[in-house]
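*Asks:* Questions regarding the structure given below will be posed in turn.
The values are calculated or read from the model by the stated rules, or taken from the named source; none is laboratory data. Everything numeric here is computed off the predicted structure, so don't read it as measured data. FYI the Cβ positions are ideal-geometry reconstructions off the backbone, even for glycines, and counts take in every protein chain you see.
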Amino acid sequence: MNILIFVFIFLLGTIIGSFLNVVIYRFNTGRTIVKGRSICMTCNRTLRWYELIPILSYVMQSGKCLRCKEVISHQYPIVEFVTGLVFVLIAYHFLPALYFVPLSYLFLVTYFVFIFSILIVISVYDIRHKVIPDKLVLVFIIASFLSIFINHMSVGQLFIHPNLSYILAGPILASPFALLWLLSRGKWMGLGDAKLMLGIGWMLGLSLGIASIILSFWIGAVISLLVMFASKKKINMKSEIPFAPFLIIGALIVFLFSLDIFTLSSFFHF
């Protein structure tokens, strides 16, 4: 039974991922997000329904437009698959609530897939444009602040009164990023990263939030080195590498596995 639920959630996630691609491509372009048929970005042909099936259409078309044969961006199937996978992981994370309070399970999964859907858009948009959209990060900040009133433990009372550490977690964790932005005048860190960390701090709390930052820098260092070695272009310290995706990946891992700073440090005790 659980397998069927997860399959359904994955398929739903891929459909939402297809919509997230629309948001990523149309945001700040003047085009409406909720209206207008999808078109080929090269020949401007309106796409038919069978060209819009998440992942499957890309595979069946060999990654090319049926009319102009232009290569379709890998972003489409990647975002669709990743969104489906994230939906499944979040649904699995809150699985205990399904057996105790099914309505709480539905609420928790819906709320946090909404939050991480926003983060997926922010992450890909930052990779493409090297900027974090203020409107999107504001929605994330508001949703994250409201999440401090939600019990993340899956069982027990759904809504809670947050303690002071959760309320202060956002500003405390965002402060170092804001300071780096201020001291470097935006050269070392963008202000958008500080805003993003404000929301991540409220969503995760202090201990998990610190762990997510540490994890983000580790992931960022490894991936940046791999990109430096694999890239044909010369990359140096002045090269602009978006940090938001690393912050978001770190936050997702910590959220799913409840990794606080003590758990993270235990990995290095032999």
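*Asks:* Across the stretch 172-188, which residue is surrounded by the most Cβ atoms within 10 Å (Cβ to Cβ) among those that are farther than 15 Å from G250 by Cβ and of a type in the set (A, V, I, L, M, F, W, C)? Give the steps one after another, and end with the answer.
*Replies:* In the first step, residues of the stretch 172-188 are kept if they are farther than 15 Å from G250 by Cβ; the result is 172, 175, 178-188.
Those still in the list that are of a type in the set (A, V, I, L, M, F, W, C) too: 172, 178-183, 188.
Working: I172: 16, A178: 17, L179: 12, L180: 17, W181: 19, L182: 13, L183: 11, W188: 13.
Among them, the one singled out is W181.
*Asks:* Just the residues that are under 21 Å from the mean Cα position of the chain (by Cα) and without any contact (Cβ under 8 Å) to a residue 40 or more places away in the chain, please, taken from the stretch 159-177.
*Replies:* Listed by number, the residues that qualify are G170, P171, A174, F177.
*Asks:* Quick one: which of G220, G199 is at pLDDT 95 or above and either in a helix (DSSP H, G or I) or farther than 16 Å from I127 by Cβ (or both)?
*Replies:* G199
*Asks:* Show me the helices (runs of 4 or more DSSP H) found entirely inside the stretch 1-97 where at least 3 residues are of a type in the set (S, T, Y).
*Replies:* In the stretch 1-97, the matching helices (runs of 4 or more DSSP H) lie at 2-26, 75-93.
*Asks:* Would you check if there is a residue in the stretch 157-171 being surrounded by 14 or more Cβ atoms within 10 Å (Cβ to Cβ), at negative phi and among the aromatic types (F, W, Y)?
*Replies:* The answer is yes, given that some residue of the stretch 157-171 is surrounded by 14 or more Cβ atoms within 10 Å (Cβ to Cβ), at negative phi and among the aromatic types (F, W, Y).
*Asks:* Just the residues that are surrounded by 15 or more Cβ atoms within 10 Å (Cβ to Cβ), aromatic (F, W, Y) and without any contact (Cβ under 8 Å) to a residue 40 or more places away in the chain, please, taken from the stretch 1-46.
*Replies:* Scanning the stretch 1-46 gives F19, Y25.
*Asks:* Which residues, counting only those in the stretch 114-126, are surrounded by 19 or more Cβ atoms within 10 Å (Cβ to Cβ) and under 18 Å from I148 (Cβ atoms)?
*Replies:* Of the stretch 114-126, the ones surrounded by 19 or more Cβ atoms within 10 Å (Cβ to Cβ) are 115-126.
Of everything in the stretch 114-126, those that are surrounded by 19 or more Cβ atoms within 10 Å (Cβ to Cβ) and under 18 Å from I148 (Cβ atoms) turn out to be I115, F116, I118, L119.
*Asks:* All but one of (1) under 15 Å from the mean Cα position of the chain (by Cα); (2) at positive phi hold for G63, so report the exception by its number.
*Replies:* (1)
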